[in-house]
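The values are calculated or read from the model by the stated rules, or taken from the named source; none is laboratory data. Since the model is a prediction, treat every value here as computed from it, not as a measurement. With ideal geometry, Cβ positions are generated from the backbone for all residues, glycine too; neighbour counts draw on all protein chains shown. Quick note on the areas: whole protein, heavy atoms, side chains included, nothing else; ligands and nucleic acids left out. Shrake-Rupley method; radii C 1.70, N 1.55, O 1.52, S 1.80 Å.
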Amino acid sequence: MRIVLEVTFRMGGVSYRSYRWEDDVLVFEFERLGDAFIQVLSTRKVEEEVEKRPSAVIVELKTKEGGKIFEAREEGGIYRAMEP
């Protein structure tokens, strides 16, 4: 099964790392670890082939200050999320 995730971040400099399962929840891991970033909305699209349909899709963003976790919503077969 192909999962498509589109995430809008509030700043640039975001890198996609990988995904992992936590029970039946699919967690996509991103990071922004530098010191200075352009403060502009940037969208990342990730496609992964997974073995089952997730009950939820979560985005985990790691930063030097800690991180954020937010949920993606499915719209027309694509999961979409925005950094809070």
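Tabulated results
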{"item": "Criterion violated by Ser18 - all others in (1) without any contact (Cβ under 8 Å) to a residue 12 or more places away in the chain; (2) of a type outside the set (Lys, Arg); (3) touching a strand residue (DSSP E or B) at 6+ places or on another chain (Cβ under 8 Å); (4) farther than 20 Å from Met1 by Cβ satisfied", "result": "(4)"}
{"item": "In the stretch 22-46, the residues that are in a loop (DSSP other than H, G, I, E, B) and exposed (fewer than 15 other Cβ atoms within 10 Å of the Cβ)", "result": "Asp23, Asp24, Leu33, Gly34, Asp35, Ala36, Ile38, Gln39, Val40, Leu41"}
{"item": "Test: residue in the stretch 37-44 that is under 16 Å from Tyr79 (Cβ atoms) and within 15 Å of the chain's Cα centre (by Cα)", "result": "yes"}
{"item": "Hey, Gly67 at pLDDT below 95, assigned to a strand (DSSP E or B) and either of a type in the set (Lys, Arg) or more than 17 Å from Arg2 (Cβ to Cβ) (or both) or not", "result": "yes"}
{"item": "Among the residues listed as Glu65, Glu75, Glu60, Glu49, the single one being open to solvent by 40 Å² or more (accessible area, probe 1.4 Å), at negative phi and in contact (Cβ under 8 Å) with a residue 12 or more places away in the chain", "result": "Glu49"}
